[in-house]
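The values are calculated or read from the model by the stated rules, or taken from the named source; none is laboratory data. Source: prediction; values computed, not measured. No Cβ is skipped: glycine too gets one built from the backbone with ideal geometry, and neighbour counts run over all protein chains shown. We work out accessible area using only protein heavy atoms, side chains counted, and drop any ligands, DNA or RNA first. Shrake-Rupley method; radii C 1.70, N 1.55, O 1.52, S 1.80 Å.
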Amino acid sequence: MKRAILFSIMLLNAAFAFGKKDWNGKVVDSKGEPVPYANVAVLSKADSSVVCGAVTGEDGIYNIVTKESDGILMVMMLGYKTLYLTPADGAVITLSEDTEMLEGAVASAVMPKTKLTGEGLQTSVRGSVLENVGDANDVLAKTPGLVKSQNGIEVIGKGAPLVYINGHKVTDPSELERLQSNEIQSVEVIANPGAQYAATVKSVVRIRTIKRQGEGFGFNLNTSDAQSLRWAEGNNARGALNVNYRTGGVDIFGGVNYSHSTYRQDSYAETTTFGESFLLENKGDILGMGFTNHMHGNAGVNWQMADNHFIGGKVEWGRTLRHDDHTEIATDVFENGIQTDKLTTFTRDTIGVFNPYSIGSNIYYNGLIGDKLGVDVNLDYYGTAASNLSTSQEKSPMTHDRSITADSDNDARLYAVKAIFSYPLWIGQLQAGTEESFTRRSERYAIKGIEIPTSASKVIEDNYAGFASYGLMLPKVGMINAGIRYEYVRYRYDDEVSPQDSIARNYGRWFPTVSYAGAFGDVQLMLNYSTKTRRPDFDNLTSAIRYNNRYAWQSGNAQLQPELTHDFSLTAVWKYITLVADYTRTDDAIMTWSAPYGNEGVILVQPRNIDSPYRTLAVYLNLTPTIGIWTMNYTVGLQPQWLTITVPDPREASGKRETSFNGKPIFAAELLNTFTVKGGWQFEAGVYAISKGYTTNAYLNNMPVNITAAIQKTLLSDGSLILRLEGDDLAGLGGNDIKTDFGNNRIDQANYFDTQRIKLSLRYNFNTAKSKYRGTSAGADTRSRMK
């Protein structure tokens, strides 16, 4: 019977192959740039039914094999007008933008246009005011859907995204500093990534660069210096040199960059601990400052062996040359209102027995096998090692002095492989693949001068994943994508000091994703649902206790479980207006928690899973109109949340109570203004402010405001030299005041950061070209947890 079925399938395949026709071509936009992921279908002339179809690749090329010799070719892409034409082999098809969707400003030629792609929001950079704003970080900070916070670039409501440039994952943040804005074609923000991305990836940013012509030698040089306006030693200096040589189908590249960075934080903190018969209060100032010097290098090669066949590899390394942190904590201790201690702690953290380093490598193949089967395979290795020495001197006129020394080291290794296969099916694209990562991490921590036990542990985590998705464009309906991903994780924590505390567990879960995008008149609409997870960072999966001072300790938590998030989002685009609403529910959310430890007034801070569901809603509106030389990028939004937790409280008869982090949503506004004038001049002014309100298990008790400004001049006839002067946090209002309530412990802390700075940068490009590197990296999410 099986042979009969197999023979029948062979006959069907042979019948289809007999008299088949090959239609090849390329889809481009009005500027001649490839249009990826466009739907190309052959319709029957008899009844206009779909015979077969394909989806264009990153290069805009499609290939259709059909027995229909005289059908109608239909080309569709959201944001462009649908075309119907007679098929022709080797045709170059030019799509024109649907101006009804994209127009709406007085000077739309310089306005960054935003449209839906079926996966996210794509903003054009080339030909807009974003083309000369500086480097890639400057572009991302001004892209709809993204904001620049104290932690870097974030997708609104989703945190820091994974960033890809031409398909390869950005692993070195300085790569965004080296990429100039005039090299960028577009930026796509994906708030709900599909099944091909790990379930821990909550957002993705894809940058496409402009395709440059020409071969030979090229280089770019970037240097900058940011000086603090309030601290003479606060200086961030960076320099990078990248070289590239192209000949035929071979692209050889390399680069090196050096950075000197500083930070300073001034804080005032009050910690209150409640007991059955006592009240313990710690009040005092905290001063922290640090200096770090780092070197990073990379080298690689890409080889286009034949049409639609690419292979390549790269290595990258990093080394910390200097790490020197200083912390001073002055604490007044009161028990039941009576002062019992006056403690000053001086701590210095430096490099230990060896300089911390990282090394990574990637080998990839990307190509088309036969006429239709796309293959993308990546093999990755990434390793890190660090050693730290911490010395503390405690001075107290009321109790006693003491010296404490702690040393630690850790080592982590990641091996990963990822394979993605794509195949045109009917009028859509079928994608399937697998991803595996294997992580090994060891850690040792020893302390002298206090009775905290030495710790040594190993973590083994193996992650196996398989995924599949299908996307298609239906005429007059829209684009529909659905995917499913299954991840199975084997986790083991070995406590080498206390083997009885070792943990081993295995868990597997399905992660579905569904999206719809369509156009209703001149309104574009997208709906998404996805299930995501967050696994603890590896440095949180430890029982080692870190000593801060006599009354504040810190630890990891080897018992942490992954959290699970259900995400629903809606995006609407009308002319220059974008509206986004995103609702999430997270179970077993991982949050930082503080609680008394022992009976000596010590507070232990560590991560833990929250028993109650954590729900958030983020709604924001973005407007990008242009009036003459003035382009606005205004974003306003709010984020309410719902979180109620049962906490221990000895003041209550039951010994516990409920604490609520609800009712006060955070409002945010970002107002960016760009003025472009003749002669290569550009002027910028902006303000970013957020209101008081709840965020996770804390309350923001002030309104941080960041005022920015920039002046930029483009020089030389080809615009290859750019000078830029910019200021950040010019009013010095970027600090925050955080209040928390953990039941039997409460912390209030006001923080001021050294972010008030003036930065001067110079960038020069010579014969630079779009990178041909097509490696996409495997195990990207696991690598991001290896801090």
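Applying 0.36 nm per residue to the separation of LEU527 and ARG585 and subtracting their alpha-carbon distance, the gain on full extension is 19.2 nm. Shown is the FRET efficiency for ILE503 and TYR381, computed with R0 = 30 Å from the Cβ-Cβ distance and rounded to the nearest 0.05: 0.65. For the stretch 280-336, the Cβ-based charge dipole about the Cα centre amounts to some 540 debye (Lys, Arg positive; Asp, Glu negative; other atoms uncharged).
Can you find, among ALA237, ASN282, TRP303, the residue farthest towards the positive end of the dipole of the stretch 195-303? Put +1 on the C-beta of Lys and Arg, -1 on that of Asp and Glu. So the residue we want is TRP303. Each of the peptides 730-743, 710-723 was scored by the mean count of other Cβ atoms within 10 Å over its residues; in descending order, highest first, they stand as 730-743, 710-723.
Of all the stretches in the chain, which is the longest one without any exposed loop site, taking GluC sites (Glu not before Pro) in a DSSP loop (any state but H, G, I, E, B) with at most 15 other Cβ atoms within 10 Å? Longest stretch, sites excluded: 277-450. Mean sequence separation of contacting Cα pairs (under 8 Å, at least six apart), scaled by the length of the stretch 489-634, corresponds to a relative contact order of 18 percent.
Taking the stretch 327-344 and a reference point 7 angstrom along Cα→Cβ of THR592, the backbone N atoms nearer than 17 Å belong to 327-329.
Using C-alpha pairs below 8 Å separated by at least 6 residues, the relative contact order for the chain is 12 percent. Using Cβ point charges alone (K and R +1, D and E -1), the dipole size of the chain about the Cα centre works out to roughly 1600 debye.
Extension gain for ILE711-THR247 works out to 163.3 nm (0.36 nm per residue, less the C-alpha to C-alpha distance). Based on the Cβ-Cβ distance from GLN265 to ASN767, what FRET efficiency comes out when R0 is 45 Å, to the nearest 0.05? Once the sixth-power term is evaluated, E becomes 0.55. Modelled spin-label separation between LEU621 and ASP285, with each label point placed 7 Å from Cα along the Cα-to-Cβ direction: 4.5 nm.
What FRET efficiency would be calculated for the residue pair GLU33, MET398, taking the C-beta separation as r and a Förster radius of 56 Å, to the nearest 0.05? In this case the efficiency is close to 0.20. The sum of -39500 (n - 2.57) across all DSSP H runs of n ≥ 4, divided by the residue count of the chain, sets its helix-only mean residue ellipticity at 222 nm to -1000 deg cm²/dmol.
Greater than 21 Å separation of Cα atoms is the criterion. Which listed pairs, LYS26/LYS81; LYS202/LYS739; LYS532/LYS664; LYS202/LYS575, meet it? Exceeds cut-off: LYS202/LYS739; LYS532/LYS664; LYS202/LYS575.
Candidates GLY719, TYR80, LEU621 compared by Cα position along the dipole of the chain: farthest toward the positive end lies TYR80, with charges placed on Cβ. For the stretch 394-409, putting each phi into the Karplus relation 6.51 cos²θ - 1.76 cosθ + 1.60 with θ = phi - 60° gives couplings of 10, 10, 8, x, 9, 10, 8, 9, 6, 10, 10, 10, 10, 10, 8, 8 Hz, in residue order, rounded to whole numbers and with x for Gly and Pro.
In the chain, the longest principal axis of the Cα atoms and the axis of helix 2-17 are about 60 degrees apart. Along the stretch 565-572 the Karplus relation, 6.51 cos²θ - 1.76 cosθ + 1.60 evaluated at θ = phi - 60°, assigns HN-Hα couplings of 10, 9, 10, 10, 9, 10, 10, 10 Hz to successive residues, with x for each Gly and Pro.
Accessible area per residue for the chain is 43 Å², calculated with a 1.4 Å probe on protein heavy atoms, without ligands, DNA or RNA. Computed from backbone phi, the HN-Hα couplings of the stretch 261-271 come to 10, 9, 9, 8, 9, 10, 9, 10, 10, 10, 10 Hz, rounded to whole numbers (Karplus: 6.51 cos²θ - 1.76 cosθ + 1.60, θ = phi - 60°; Gly and Pro given as x). Amide hydrogen proximity for GLN180: with H placed 1.01 Å from N in the peptide plane, no residue at 5 or more positions away or on another chain lies under 5 Å. Semi-axes of the equivalent ellipsoid of the chain are 48, 31, 27 Å, computed as sqrt(5λ) over the eigenvalues of the C-alpha gyration tensor in descending order.
For LYS81 and PHE683, compute 0.36 nm times the residue count separating them, minus their Cα-Cα distance, and round to one decimal in nm. Gain on stretching LYS81 to PHE683: 213.2 nm. Modelled this way, with points 7 Å down the Cα-to-C-beta line, the labels at ARG230 and TRP642 are 3.9 nm from one another.
How large, in percent, is the carbon and sulfur part of the accessible surface of the chain at a probe radius of 1.4 Å? Ligands and nucleic acids excluded, carbon and sulfur give 58 percent.
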